[in-house]
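Asks: Before we start, here is the structure in question, set down as structure tokens.
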Amino acid sequence: MIRILPCLLFLFCMMKPSLAIAQDPQFSQFYASPVYLNPALAGATDRARVGVNYRNQWPSLTHSFTTISAYADFFSKAMESGVGIIVNQHTESFLDYQSTEIGGVYSYKMRVSDNLIMRTGIQLSYFNKDLNFEKLVFGNQIDIANGQVIGPSGETFQRGEAVGFLSASAGTLIYSNSFWIGSAVHHINEPNQSFVGGDSRLARKYSVHAGYKLNLGDGQRLRTVAYQFQERSVTFAVNYKKQAGFNQLDAGMQFYFQPLVIGGWYRGIPIQSVDEIVKNESIIALLGLELNENLSFGYSHDFTVSRLAGSTGGAHEFSLTFSFGKIVKRTKRDTILPCFKY
């Protein structure tokens, strides 16, 4: 059964057009891929950084679903601006499907009040999507009695088809030293992503994310010239996304005992259901470690709690972030973004 599960999932989406519209890949450690979450987060550390995220979803299936995201951003104090680039690649081996994105990002930082900051950001990306039509499976190829795929479909396609298009996105973020709230809209122009002509629009993705950070007191003193101590805090956050007929909520917390981060998430919307199935998706456990003052590593695992539990293997996700360059000189008046570490 597990061998044909990808086929059945694809056929289900073909029968449900509202679900067949391609959704963007997601990351459980979405704050470890900040530029992917919201263009307004470009340059948010007030220095330079590079990062990479890798996600392997449903590893127990015969065919894999993997996503890699890499970014680099930089903040200019003189211009109060952040600039960055982002490269994403999502692969689904079942259909030899691959989506590649290369984008440029710009953000601007402005002070609203003594302890409130607003950032706005824009992004322009080029997408290239490639699909092997020879691997499509149609209903007349499946033997309902035993679930096996039998015989050719009778359809004639070229082996590979590709489509390229531009996508525009924008976001905003407001924060103090203890809370933040932001929103983003991706694919504002709803570009046409059809492989075979006609009109197949990539739906806009809307997201709202917010959180609150509570300091638990100072830890040990750091070995720095400045009189600084290890941070001890707990942060609560939510991230809501909606794209076409799909919506999702992530809610959780992270404990930061510098240099260690321990976190947990719930993904789903338990007050909603589809075809009488409650929208519970997964529980996520996270462990992060600051290897030094510039380099941090995170690992998370999605434990599936839906009806697919026990068949998919959940999801593994890794992140690596490296910050460098001169730290912008700060005063007591400066407001520091209190976002999640991962």
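The values are calculated or read from the model by the stated rules, or taken from the named source; none is laboratory data. Just so it is clear, the model here is predicted, and its values are computed rather than measured. Neighbour counts are summed over all protein chains in view; Cβ atoms, including those assigned to glycine, are modelled from backbone coordinates with ideal geometry.
Asks: Only one residue in T62, T120, T66 is within 30 Å of G313 (Cβ to Cβ) and modelled with pLDDT of 90 or more, so which one is that?
Replies: Step by step, each of T62, T120, T66 is checked, and only T66 is within 30 Å of G313 (Cβ to Cβ) and modelled with pLDDT of 90 or more.
Asks: Can you run down the residue pairs with Cβ atoms below 7 Å, 6 or more apart or on separate chains, where the first is in the range 228-247 and closer than 29 Å to A203 by Cβ and the partner is assigned to a strand (DSSP E or B) and among the basic types (K, R)?
Replies: Here the result reads K241/K205; Q243/K205; N247/K241, each pair linking the range 228-247 to a residue that is assigned to a strand (DSSP E or B) and among the basic types (K, R).
Asks: Could you tell me whether any residue of the range 228-239 is surrounded by 13 or more Cβ atoms within 10 Å (Cβ to Cβ), modelled with pLDDT of 85 or more, charged (D, E, K, R) and farther than 25 Å from N292 by Cβ?
Replies: no
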